[in-house]
Amino acid sequence: MATLKTNTLTGTSTAGSIAVTAEGNSTTTNLQQGLAKAWLLGGNDASLTDNFNIASGTDNGTGDYSYNITNDMANATYSICSQAANEVANDPVISCNPSNDVTAAGSFRLQCGHTADGTGGFTQLDKVNYCSIFGDLA
């Protein structure tokens, strides 16, 4: 068994782009594009329990949180994957939705809650939230 130790990987044709051959040996994926550029575990008051590339959080009110990215994204068209913790048994599913109207290269806003009333309305709730961001860094 061989061990490869390095501090830096550099692509041969493009320095920041490394292709990785998939399991079937017929397709490749770009290593740089597949990495999360930021993630967080946020408290129900926008505090940061743990994170990567997140500078701070702000509690805007019940179930409404803003976060600042340490090293900005290239633009505001990145992907945010998020969820909120459901700490109560038999409680409705809790979702954590990015608010696209306030997403910027250096910050984003999440609104956490549920639609349990059957009317399609969204009830915001203070919940622990989880988030990963994928896209291009500036």
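Would you call Pro92 more than 13 Å from the chain's Cα centre (by Cα) and at pLDDT below 90?
yes
Among the numbered conditions (1) over 25 Å from Gly113 (Cβ atoms); (2) open to solvent by less than 80 Å² (accessible area, probe 1.4 Å); (3) free of Cβ contacts under 8 Å to residues at least 60 places away in the same chain, tell me where Ser13 comes up short.
(2)
Here is a list of conditions, (1) aromatic (Phe, Trp, Tyr); (2) under 14 Å from Phe108 (Cα atoms); (3) out of contact with any Ser or Thr (no Cβ under 7 Å at 6 or more places or on another chain), and Phe52 meets all of them except one; can you say which number that is?
(2)
Give the residue that is modelled with the highest pLDDT, with candidates limited to residues of the stretch 24-42 that are within 21 Å of Thr70 (Cα to Cα) and out of contact with any strand residue (DSSP E or B) (no Cβ under 6 Å at 6 or more places or on another chain).
Restricting to residues being within 21 Å of Thr70 (Cα to Cα) and out of contact with any strand residue (DSSP E or B) (no Cβ under 6 Å at 6 or more places or on another chain), the top hit is Leu35.
So Asn86 ticks every box in (1) surrounded by 14 or more Cβ atoms within 10 Å (Cβ to Cβ); (2) at pLDDT 80 or above but one. Which box is left unticked?
Unmet condition: (2).
Filter the stretch 44-70 down to the residues that are surrounded by 12 or more Cβ atoms within 10 Å (Cβ to Cβ) and in a loop (DSSP other than H, G, I, E, B) and list them by number.
Once the filter is applied, which keeps residues that are surrounded by 12 or more Cβ atoms within 10 Å (Cβ to Cβ) and in a loop (DSSP other than H, G, I, E, B), the stretch 44-70 yields Asn44, Ala46, Ser47, Asn53, Thr62, Gly63, Thr70.
The values are calculated or read from the model by the stated rules, or taken from the named source; none is laboratory data. Every value quoted in this text rests on a predicted model; they were computed, and no experiment measured them. Note that each Cβ is placed from the backbone with ideal geometry, even for glycine, and that neighbours are counted across all protein chains shown. Please note that ligands, DNA and RNA were not included when accessible areas were found on the heavy atoms of the full protein model with its side chains. Shrake-Rupley method; radii C 1.70, N 1.55, O 1.52, S 1.80 Å.
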